[in-house]
Amino acid sequence: MTVSARHSDTTTIERDVAIVGAGFAGMYMLHRLRQLGLSAIVLEAGEGVGGTWYWNRYPGARCDIESVQYSYQFSPELQQDWDWSERYATQPEILRYANHVADRFDLRRDIRFNARVASAIFEEGSDRWTVATEDGAAVRARFCVMATGCLSSANRPQFAGLENFRGQRYHTGSWPHEGVDFSGQRVAVIGTGSSAIQSIPVIAQQAAHLTVFQRTANYTIPAHNRPLDPEYKKWVKANYGAIRERAKKMIPGIDFRINDKSAIAVSPEERREEFERRWQEGGLLFAAAYNDLILNADSNRTAADFVRGKIREIVHDPAVAELLAPKNIIGCKRLCVDTGYWATFNRPNVSLVDISETAVEGFTADAVKVAGKEYKADAVVFATGFDAMTGALLRIDIRGRDGLSLREKWADGPRTYLGLGMAGFPNLFTVTGPGSPSVLTNMLPSIEQHVEWIADCIRDVDGMGRRSIEATPAAEEAWVAHNREVAGLTLRSTCSSWYVGANIAGKPRIFMPYVGGFPAYVEKCEDVVRKGYEGFEVR
Ligand code: NAP
């Protein structure tokens with residue numbers, strides 16, 4: 001793998017399009033724009049491609065969407081050539097895939113690595129964006145695409161006295177590239193979200209002792225991960241087109257079996273069998289056991305009770321099982337997928353500390369303090385998640401027409417039209433931005449749909465001989481209102497999750513992703529184009 005020259009080697013350069021981020025969104029954006037004959041450059045903070053899969057190298061990291069679906073479909077040749085080895089791909093395998101794509105489509109020559117973007121400023125008159133990096137270099141471009149990812153800005157809560165702690169500190173979202181050997185160490189993990197749930201079983205196997213600090217118990221479904229059978233792989237490749245088409249008709253953009261019955265319309269025996277079947281199959285499929293699990297609290301309780309029952313069966317110590325059993329709506333916070341999570345708490349070297357009532361009080365040189373008690377640790381793993389959806393964008397000083405800053409515009413929460421553009425920010429696009437289905441769907445098809453929409457839009461603006469496109473305030477307002485309305489239809493908006501920004505102190509509570517589902521959303525985007533970019537002003 002070759003790394004392009006450091007950004008500081010360049011002065012201000014001119015391109016048609018500046019792209020921020022070389023994850024799956026930025027890489028495909030670059031490829032698509034090149035196909036249109038446009039010049040583009042990607043500015044990437046990391047030293048390599050892969051975005052979230054470049055940074056999240058914690059032990060046990062793997063995707064919770066099946067590998068054959070969590071992959072690009074824009075190139076049938078790539079789809080046929082690449083071989084996934086497991087049902088759920090590990091982070092190293094996904095990163096290899098990202099690197100393969102970068103090599104295969106010769107992307108690196110237009111990516112500047114080690115180039116963290118500090119600002120993106122729109123210049124009236126010339127209608128150009130100046131995108132500047134922290135080391136002072138800049139790109140001037142007609143269009144700017146923010147491919148900054150939904151979960152890429154780490155949440156590092158301010159814990160009192162952390163500076164006292166003499167051991168090692170890690171955040172799952174920016175894990176050391178050389179890996180960490182916890183052998184013989186006392187490790188503390190703070191958090192019990194997806195990252196923690198994947199890493200805890202692996203760390204427990206290595207560490208002398210692992211203490212898990214849990215604020216909110218979480219639901220997780222076994223992955224039942226396995227190597228992919230060669231016959232299955234052959235079948236997938238022969239049927240890829242049909243699989244992808246079926247997935248596009250599904251609300252989460254994943255080809256899986258959604259049961260079209262209500263959980264409360266069937267007998268308890270039938271329900272138990274269906275939940276058991278899906279538990280045995282493993283993964284997020286569990287959430288589709290009935291069609292109203294996320295819509296109806298009574299239906300939801302049947303699924304939650306089933307999982308709580310499983311926890312009580314698996315975890316030997318009833319007091320620990322009770323602590324681990326979540327009390328809230330299943331699927332309200334993002335459902336997790338694990339390998340051996342609950343059983344890990346049967347290990348003699350693992351203990352669970354409840355911090356739901358008494359928060360982490362502070363740190364000493366070699367311990368985490370809770371309610372006056374010290375829990376010794378040589379290393380602390382912060383599995384505390386991300387400033388989701390808005391964090392990566394607001395970290396950049398983005399200024400549009402009349403100097404309007406995005407931070408001001410979004411002071412009361414994100415406002416976009418379709419999660420693609422914003423009033424006051426001409427020629428600026430967000431890939432899977434707030435207000436689009438994004439994190440509620442399989443990210444890869446959602447990314448591809450956005451990238452293709454944006455590329456076609458740029459082509460059309462050029463084709464019309466116009467200079468700029470910008471969401472109208474009225475269209476944006478209507479989309480924000482529609483988002484608010486549909487968000488309230490599901491149970492997801494009822495809990496303190498990162499979907500609503502509840503994990504970040506002071507963040508406005510707005511349900512950020514669009515819950516209308518992938519097919520309806522795609523139809524809306526296509527309709528906007530059919531109606532001559534309805535809701536956008538093309539100048
Ligand atoms: P997360 O779901 O936000 O979990 C963060 C955890 O840290 C929560 O348990 C949270 O508790 C806890 N926490 C946060 N601040 C705290 C504080 N001040 N004191 C104590 N505990 C605190 O983050 P994540 O696990 O990194 O996952 C984020 C998202 O990334 C996932 O939902 C998923 O979409 C994606 N992801 C996917 C995969 C995959 O594909 N397998 C893997 C990892 C992540 P509370 O719940 O009480 O806030």
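The values are calculated or read from the model by the stated rules, or taken from the named source; none is laboratory data. Just so it is clear, the model here is predicted, and its values are computed rather than measured. With ideal geometry, Cβ positions are generated from the backbone for all residues, glycine too; neighbour counts draw on all protein chains shown. All accessible areas refer to the heavy atoms of the entire protein, side chains included, with ligands and DNA or RNA removed. Shrake-Rupley method; radii C 1.70, N 1.55, O 1.52, S 1.80 Å.
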Sparse-neighbourhood loop hits (trypsin sites (Lys or Arg not before Pro), the stretch 311-390; DSSP loop; Cβ within 10 Å at most 12 others) -> Lys327
Expressed as a percent, the accessible surface of the stretch 197-306 that is carbon or sulfur, using a 1.4 Å probe and the full set of protein chains, is 54 percent
With bins of 20 Å, the percent of all Cα-Cα pairs of the chain per bin from 0 is 21, 55, 23, 1
The stretch 1-159: antiparallel bridges as % of DSSP beta bridges, rounded to 5, reads 45 percent
By accessible area (1.4 Å), largest first, His100, His31 order as His100, His31
Of every hundred units of 1.4 Å-probe accessible area on the stretch 1-129, the number belonging to carbon and sulfur atoms, as a percent, is 46 percent
Note to self: with every protein chain in place and a 1.4 Å probe, the stretch 240-314 gives an accessible area per residue in Å² of 48 Å²
Mean accessible area per residue over the stretch 114-170 (1.4 angstrom probe, all protein chains present, square angstrom) is 43 Å²
For the stretch 66-156, the Cα-Cα pair-distance distribution in 5 Å bins from 0, as whole percents, is 3, 10, 15, 17, 15, 15, 11, 9, 3, 1, 0
Whole-Å distance linking the alpha carbon centroid of the stretch 130-209 with that of the stretch 6-64 is 19 Å
Counting only residues 5 or more apart in sequence or on a different chain, those whose built amide H sits under 5 Å from that of Thr211 are Val187, Ala188, Val189, Ser351
Per the 1/(1 + (r/R0)^6) rule, R0 = 22 Å and r from the Cβ atoms of Glu163 and Lys373, FRET efficiency to 0.05 is 0.60
Surrounding charge for Ala367, neighbours by C-beta under 15 angstrom, Lys/Arg +1, Asp/Glu -1, total +1
Everything considered on the Cα gyration tensor (a ≥ b ≥ c; rounded for a/c under 1.5, else prolate if a/b is larger than b/c, else oblate), the stretch 19-75 must be described as oblate
Along principal axes, largest first, the alpha-carbon spread of the stretch 439-504 in whole Å comes out as 47, 30, 23
In the stretch 316-391 the accessible area split gives carbon plus sulfur, as whole percent at 1.4 Å, a share of 56 percent
Fraction of alpha-carbon pairs in the stretch 374-480 farther than 24 Å apart, rounded to whole percent, equals 34 percent
So for the stretch 1-107, using the alpha carbon gyration tensor with a ≥ b ≥ c as root eigenvalues (a/c under 1.5 gives rounded; past that, a/b versus b/c decides prolate or oblate), I'd call it oblate
Computed curve, the stretch 169-211, Cα-only Debye sum without solvent term, log₁₀ I(q)/I(0) at 0.19, 0.25 Å⁻¹, is -0.54, -0.96
With the 1.4 Å probe rolled over protein heavy atoms, the stretch 453-537 has an accessible area per residue in Å² of 45 Å²
A convex hull over the alpha carbons of the stretch 219-370 yields, per residue, a volume in Å³ of 171 Å³
Rounded to the angstrom and largest first, Cα extents along the principal axes for the stretch 343-416 equal 60, 30, 24
By the mean-Cβ-within-10 Å protection proxy, highest first, 260-270, 291-301 rank as 291-301, 260-270
The alpha-carbon center of the stretch 318-343 and that of the stretch 240-279 are separated, in whole Å, by 21 Å
The base-10 log of I(q)/I(0) that the Debye equation returns for the stretch 55-207 at q = 0.20 Å⁻¹, one scatterer per C-alpha, is -1.31
For the chain, any Cys whose C-beta has no other cysteine C-beta under 4.7 angstrom counts as unpaired, and these are Cys63, Cys144, Cys150, Cys336, Cys457, Cys525
Cα-Cα longer than 31 Å, checked against Lys234/Lys333; Lys234/Lys531; Lys249/Lys333; Lys333/Lys373; Lys261/Lys524; Lys248/Lys409, kept in input order, equals Lys234/Lys333; Lys234/Lys531; Lys248/Lys409
Going residue by residue through the stretch 427-441, the Karplus relation 6.51 cos²θ - 1.76 cosθ + 1.60 with θ = phi - 60° gives ³J(HN,Hα) values, rounded to whole Hz and with x marking Gly or Pro, of 6, 10, 10, 10, 8, 6, x, x, x, 10, x, 5, 5, 8, 10
In the chain, helical segments from DSSP H whose Cα atoms cover 20 Å or more along their own axis and that average at least -0.5 on the Kyte-Doolittle scale are 443-463, 473-487
Along the dipole axis of the chain (charges at Cβ: +1 for Lys and Arg, -1 for Asp and Glu; origin at the Cα centre), the most positive-end residue among Gly193, Ala287, Pro445 is Gly193
